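Some notes on the structure that comes next.
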């Protein structure tokens with residue numbers, strides 16, 4: 001069950017969600033779904049590029065599966081990198097994440113656990 005983030009007023013007057021590591025990772029998982037939905041839109045550049053490949057229906061399903069795996073692996077690695085559990089490029093360091101109002105979202109170890117739950121548990 002996805003929980004809704006509380007809202008707070010930012011210095012610019014806009015309401016922004018108050019989030020923790022769970023919500024932060026959940027939003028990246030949602031972003032993955034948004035990207036995958038682009039594959040179903042006829043007007044997207046990606047869909048046109050795939051159509052130009054003249055794939056069979058079976059090949060299209062396999063390609064979509066590969067794209068989904070690549071997105072999951074990329075987002076998982078990105079989140080681990082921010083958490084210090086994997087390198088970003090050749091640099092491995094822990095990062096503390098704050099929102100624009102300087103409220104803590106995540107510090108050491110929180111993202112790795114949530115990233116595993118959202119991106120690895122789905123494939124097990």
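Computed from the coordinates by the stated procedures, all read-outs in this text should not be read as laboratory data. This structure is a prediction, so every number in the text was calculated from the model and none was measured. Methodologically, a virtual Cβ is constructed for each residue, glycine included, from the backbone with ideal geometry; neighbour enumeration extends over all protein chains shown.
In this label model, residue 116 and residue 92 are separated by 1.6 nm, measuring between points 7 Å along each Cα→Cβ vector.
Summarising the label geometry, the points placed 7 Å from Cα in the beta-carbon direction at residue 64 and residue 18 lie 4.0 nm from one another. Once you have the Kirkwood Rh of the stretch 20-123 from its Cα pairs, apply Stokes-Einstein at 20 °C and 1.002 mPa s and quote D in µm²/s. This corresponds to a translational diffusion coefficient of 141 µm²/s.
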